[in-house]
Amino acid sequence: MTKDIIGQCEKAVKEIYNTFDASHDWQHIERVMQNAKKILKQEKANAFLVEMAVLLHDVSDPKYRKEGEDLETDIMNSLNLAETEKAEIRSIIQSVSFKGGSGIPAETIEAKIVQDADRLDAIGAVGIARTFAFGGAKGRKLYDWQEQPRKSMSEEEYRSKPTSSVTHFYEKLLLLKDRMTTAAGKQIAEERHQFMLSFLEQLQKETDGKA
């Protein structure tokens, strides 16, 4: 029964994600699912709720949502889900978004798993690739070494200012390692964090003409 629901949900969301740019496309969802399943091996949690939340967590992303659109609710209503399950999935999704550092804390183990799984895809080599893919889609500069990263901001400020892609590392990506909440998430994040630091060091050398 749950496999059928997951299959139906996957089919519905795949069509939506394939309309997004490469930073939030279907491959992003596949990677987040892989991360979630790795963490699930070490945590006791409701795997069905975790997988459903992973599939649905970006369909109503404000960066892509049209005014008045609520695809997350539309899809859940089309599936054979209990109202309690819908509420739990919605609650997990609400805690996933970074929102400039002002997101809702993950309270349940399911929310912690999905949040960590999504954040792991925002760091390391894939995180670097996604950052520049999104920046390119939005016409942003690759870097601006004079630009000052914001240390605190509202969700609106976080989304509205077209900072360079490198500045995004300092406003979000480099903060994520210390915000992981599961043991597996923390472990995986360490190596990915160090890779980003090495990348930024090399990028600065090359753009300064020192390499």
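The values are calculated or read from the model by the stated rules, or taken from the named source; none is laboratory data. Note that this is a predicted model, so its numbers are computed, not measured. No Cβ is skipped: glycine too gets one built from the backbone with ideal geometry, and neighbour counts run over all protein chains shown. Remember, those area values only see protein heavy atoms, side chains included, never the ligands or the DNA or RNA. Shrake-Rupley method; radii C 1.70, N 1.55, O 1.52, S 1.80 Å.
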List, in the order given, every pair from LYS3/LYS186; LYS37/LYS66; LYS86/LYS186; LYS14/LYS66 whose Cα-Cα distance in the structure shown is over 19 Å. LYS3/LYS186; LYS37/LYS66; LYS86/LYS186
For segment 42-103, the Cα convex hull volume per residue in Å³ comes to 107 Å³
So, relative contact order of segment 84-151 in percent, Cα under 8 Å, 6 or more apart, is 18 percent
Tell me, what is the FRET efficiency for LYS11 and ASN80 to the nearest 0.05, using R0 = 22 angstrom and their Cβ-Cβ distance as r? 0.95
Loop-only check: which GluC sites (Glu not before Pro) in segment 54-162 are DSSP coil with at most 15 other Cβ within 10 angstrom? GLU67, GLU69, GLU107, GLU147
Note, segment 165-180: 3J(HN,Hα) by Karplus (6.51, -1.76, 1.60, θ = phi - 60°), whole Hz, Gly/Pro = x, goes 4, 5, 4, 4, 4, 7, 8, 9, 4, 6, 8, 6, 3, 7, 10, 5
How far, in nm, would the chain grow between LYS3 and LEU197 when pulled straight, counting 0.36 nm per residue and subtracting the alpha carbon separation? 65.8 nm
Beyond 22 Å between alpha-carbons counts as too far, so tell me which of LYS141/LYS161; LYS161/LYS210; LYS177/LYS210; LYS112/LYS141 fall in that bin. LYS161/LYS210; LYS177/LYS210; LYS112/LYS141
Just the projected area, averaged over all directions, of the convex hull on the alpha carbon atoms of segment 170-211: how many nm²? 3.1 nm²
Please compute the contact order of the chain in relative form: average sequence separation of alpha-carbon pairs under 8 Å and at least six residues apart, divided by the residue count, as a percent. 22 percent
Which longest uninterrupted range of the chain lacks any trypsin sites (Lys or Arg not before Pro) assigned by DSSP to a loop state (not H, G, I, E or B) and surrounded by at most 12 other Cβ atoms within 10 Å? 67-137
Taking every eigenvalue of the Cα gyration tensor of segment 1-68, multiplying by 5 and rooting it, what semi-axes result, largest first, whole Å? 22, 14, 11
Segment 115-186 versus segment 187-211: alpha-carbon centroid distance in Å: 14 Å
Residue list for segment 191-208, given a label point 7 angstrom along the Cα-to-Cβ vector of GLU147 and an amide N cut-off under 12 Å: none
At a probe size of 1.4 Å, how large is the accessible area of HIS24, to the nearest 10 Å²? 20 Å²
For SER152, tell me the accessible area in Å² from a 1.4 Å probe, rounded to the nearest 10. 100 Å²
Quick check: convex hull of the Cα atoms in the chain, volume per residue, rounded to a whole Å³? 119 Å³
